[in-house]
Amino acid sequence: MGKPHVLAIPCPAQGHVIPMMELSQCLAKNGIKVTFVNTEFNHERVVKAILDTEKINELISLVSVPDGLESAEDRKDPGKLTEAMRKVMPLKLEALIEEINGTPGDGITCVLTDFFMAGALEVAEKFCVKRAAFLTAAVTLMALTINADKLIDDGIIDEDGTFLKNEMIQLSPSMPKMSTTHFGWTCFPDPTLRKIIFHSLFQNNTSAKLAQHIICNSSNELEPWAHTFIPNCFQIGPLLASRRLGKSTGYFWPEDSTCLDWLNQQPENSVIYIAFGSFTIFDQIQFRELALGLELTNKPFLWVVREDIIQDIDGAYPEGFKERVKNKGKIVNWAPQQEILSHPSIACFLSHCGWNSTIECVSNGIPLLCWPHFGDQFLNQSYVVDHWKIGLGFEKDEKGIIGREEIKNKMEKVLGDGKYKMRAKELQEKIIDGVEEGGRSRKNFENFIDWIKEN
Ligand code: UDP
């Protein structure tokens, strides 16, 4: 084998591209060359959003392949995108590897794919190169996915992944109990989409068995049962680019860094940060209620409102809201989230509980208010509220809305009761120890590097 050269393939979603990019930067820092493959659509966005001041390691080259959809087609439909990619990706990846291998001494020696894009491991097998998978979600999600057939046999879900009874189950005695309504795929409200997602996860299981090395952006302190249950999955997280590399990169939207100047002017431990990741959509009524809840709370807030978070963004805010909160609140399209969360002015994070947002928050010792919308976000909320006990969720009213009073009350509870902050700080200390010299995540990462480098 030649010099180590990794082909890194993320799922085409923001919450997968960012951690895969962080991991790639960590590999490059260890002298490993990386070719990073985005879909053409995402590649263009990532390249556009990279700041002039930002330095991507020179050992990383950014390339792209088509995703199989026409340029005008809707990429927010995960079912459609997954189907299209499954058809075109293997051939496109083969062509890419052949092209790269055309330069003598520079060939691909390892394919590192997102765990949920395991089809790429079949391509790796054809080329007889190393096969690694990277999980950017909780290990429990993967445990549920790879045990889907057992869940069917035990009568917990049907063949389309729908839960048969709303109950609490335990995959193994060492793992926490979880609700059948929180399996990741069971949390998609649309039944057709739920079925497509479940079948694609189920199909992914077969190819995932080809992985020789599985690593995940989690840590032993966050999911201590993980390694016992899936011994070949190694926790290397949290990756935390802002801590290890200075800054995270791979954004789909340009960041508005004026919010850092604004935060510098706020008192320590005073600001509520509100962000819902890259996918979440709000309806008009709920969006207004959130705005009014923030106003009622009467604390400084930094709120990320993506342009596509609601259909009519211009008419979305309550009458006069922006004027009334102008001295208290800052609203931006996209923020450098990891930098925000490590800022001393941040007191609490109101989040949709995507896995990345959750661990970025925990790594900074900040309590959470959980507002999950779909997918694994409910599972992650149960970690925050029931296991780590570092935050609270919201109750919906009889109309299915989280009301302004509920927002204010829960915010006051989390900020007013020092226990949330104290436990968040304790957890932070433990997980940071894990990535420091001699820590478990650090050792797992070093073993991974050695494995990539060995002939
Ligand atoms: N993010 C960011 N700026 C924002 C909002 C989000 O940098 O204004 C980043 C965040 O730090 C995280 C990712 O986008 O790394 C979102 O991933 P997550 O798993 O939390 O949610 P998803 O977008 O997959 O729902």
Say we look at region 158-181 and pick out the residues that are among the hydrophobic types (A, V, I, L, M, F, W, C) and out of contact with any Asp or Glu (no Cβ under 7 Å at 6 or more places or on another chain); which of these is farthest from F229 (Cα to Cα)?
F163
Which numbered condition in (1) closer than 25 Å to E83 by Cα; (2) crowded, with 18+ Cβ neighbours inside 10 Å is the only one that I230 fails?
(1)
Identify, from the list L294, L222, L239, the residue that is crowded, with 20+ Cβ neighbours inside 10 Å, away from the ligand (no atom under 13 Å from the Cβ), of a type in the set (A, V, I, L, M, F, W, C) and assigned to a loop (DSSP other than H, G, I, E, B).
L222
Applying the selection to region 252-267, what residues are surrounded by 19 or more Cβ atoms within 10 Å (Cβ to Cβ) and away from the ligand (no atom under 12 Å from the Cβ)?
L263, Q266
Residue identified as free of Cβ contacts under 8 Å to residues at least 12 places away in the same chain and over 18 Å from V414 (Cβ atoms) among I359, I313, I309:
I313
When residues of region 143-165 are filtered for being more than 20 Å from T192 (Cβ to Cβ), in contact with a Phe, Trp or Tyr (Cβ under 9 Å, 6 or more places away or on another chain) and crowded, with 17+ Cβ neighbours inside 10 Å, how many remain?
4
Conditions first: (1) buried (at least 24 other Cβ atoms within 10 Å of the Cβ); (2) at pLDDT below 95. I366 passes all but one, so which condition is the exception?
(2)
State which residue pairs qualify: first residue at negative phi and inside region 395-406, second residue surrounded by 13 or more Cβ atoms within 10 Å (Cβ to Cβ) and of a type in the set (S, T, N, Q) in any location, beta carbons under 9 Å apart, and separation of 6 or more residues or different chains.
I401/Q286; I402/Q286; R404/T297
Picking from I340, I313, I309, the residue that is touching a strand residue (DSSP E or B) at 6+ places or on another chain (Cβ under 9 Å) and within 16 Å of the ligand (Cβ to nearest atom) would be I340
Would you check which residues across region 33-84 are among the β-branched types (V, I, T) and either surrounded by 13 or more Cβ atoms within 10 Å (Cβ to Cβ) or more than 22 Å from the chain's Cα centre (by Cα) (or both) and list them?
V34, T35, V37, T39, V46, I50, T53, I56, I60, V63, V65, T82
Considering only region 2-35, how many residues are farther than 22 Å from E454 by Cβ and either more than 16 Å from the ligand (Cβ to nearest atom) or assigned to a helix (DSSP H, G or I) (or both)?
9
Qualifying position, being farther than 28 Å from D376 by Cα and either out of contact with any helix residue (DSSP H, G or I) (no Cβ under 9 Å at 6 or more places or on another chain) or in a loop (DSSP other than H, G, I, E, B) (or both), among E99, E73, E44, E94
E99
Sort out which residues of region 102-142 are in contact with a helix residue (DSSP H, G or I) (Cβ under 6 Å, 6 or more places away or on another chain), surrounded by fewer than 19 Cβ atoms within 10 Å (Cβ to Cβ) and farther than 17 Å from F36 by Cβ, and write them in order of number.
E122, F127
Out of all the residues in region 47-70, which are assigned to a helix (DSSP H, G or I) and touching a residue at least 24 places away in the same chain (Cβ under 8 Å)?
K48, A49
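Here is a yes/no grid of residues against (1) assigned to a loop (DSSP other than H, G, I, E, B); (2) surrounded by 17 or more Cβ atoms within 10 Å (Cβ to Cβ); (3) at negative phi:
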site: N269; (1), (2), (3): yes, no, no
site: I272; (1), (2), (3): no, yes, yes
site: S278; (1), (2), (3): yes, yes, yes
site: L290; (1), (2), (3): no, yes, yes
site: I309; (1), (2), (3): yes, yes, yes
site: D312; (1), (2), (3): yes, no, yes
site: P318; (1), (2), (3): yes, no, yes
site: I331; (1), (2), (3): no, yes, yes
site: E339; (1), (2), (3): no, yes, yes
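The values are calculated or read from the model by the stated rules, or taken from the named source; none is laboratory data. Bear in mind that the values here come from a model prediction, so they are computed numbers and not experimental data. Methodologically, a virtual Cβ is constructed for each residue, glycine included, from the backbone with ideal geometry; neighbour enumeration extends over all protein chains shown.
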